[in-house]
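**Q** Before I ask anything, here is the structure I am working with.
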Amino acid sequence: MERVIGLGGPFIKARDPKALAAWYEKHLGIAFGGGTYAVMKPEAESKGYNILTFFKEDSDYFAPSEKAVMVNLMVRDLFALIEVLREEGVTIVGDPISEEYGKFGWIMDPEGNKIELWEAV
């Protein structure tokens, strides 16, 4: 019997789901098409992968968000995207970094959810 075969994606509670979806569409290019969900198919040439991970409940990795969930989104050209988001007035958290697993940057959405942006290497 098969059980889990993949990661469906994050589900996030929001005060205003349509407005939050519109923000993600404007600033991150995720096509919601006026709705509140988006289907994102992986690209065949993508270097990235899906991951499910757990953090200790006292971890500060999600800070400054006070939420129990953080979304990690794969991007291209992370450093350039961070500059565009900064120009658009998006809250940037800390400085982007380059590590063994790729390049990472963090932003906050308008409802206080921290978003990790990841460029796989």
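Throughout, read-outs are computed from the coordinates displayed, never taken from laboratory work. None of these values were measured; they are calculated from a predicted model. Ideal geometry is used to build each Cβ from the backbone, glycine not excepted, and the neighbour counts take in all protein chains shown.
**Q** If you stretched the chain out fully between ILE97 and MET1, how much longer would it get, using 0.36 nm times the residue separation minus the C-alpha to C-alpha distance?
**A** Residue separation times 0.36 nm, minus the Cα-Cα distance, leaves 30.4 nm.
**Q** On a straight-distance basis, which lysines could pair with LYS26 in a cross-link, Cα separation under 26 angstrom, same-chain partners fewer than 8 positions away excluded?
**A** Within the straight-line cut-off, LYS26 pairs with LYS13, LYS18, LYS41, LYS47, LYS67, LYS103, LYS114.
**Q** For the chain, take N as its residue count and report Rg(C-alpha) divided by 2.2 N^0.38 Å.
**A** Here the answer is 1.08, to two decimals.
**Q** Taking amide H atoms as placed 1.01 Å from N in the peptide plane, list the residues 5 or more away in sequence, or in a different chain, whose amide H sits under 5 Å from that of THR91.
**A** Here the answer is MET108, since their amide H atoms fall under 5 Å of that of THR91.
**Q** Here is a follow-up. Hey, how many Å between the Cα centroid of region 93-117 and the Cα centroid of region 28-92?
**A** Centre-to-centre (Cα) distance: 7 Å.
**Q** Is it possible to state the helix-based mean residue ellipticity at 222 nm for the chain, with each DSSP H run of 4+ residues giving -39500 (n - 2.57), the sum divided by total residues, to the nearest 500 deg cm²/dmol? What is it?
**A** Value at 222 nm, helices only, nearest 500: -5500 deg cm²/dmol.
**Q** At what distance in nm do the modelled label points of GLU45 and ILE12 sit from each other, each positioned 7 Å from its Cα along Cα→Cβ?
**A** 2.8 nm
**Q** How much of the DSSP bridge set in the chain is antiparallel, in percent, rounded to the nearest 5?
**A** Expressed as a percentage, antiparallel bridges in the chain total about 75.
**Q** Can you tell me, using C-alpha contacts under 8 Å and at least 6 residues apart, the relative contact order of region 44-120 as a whole percent?
**A** 34 percent
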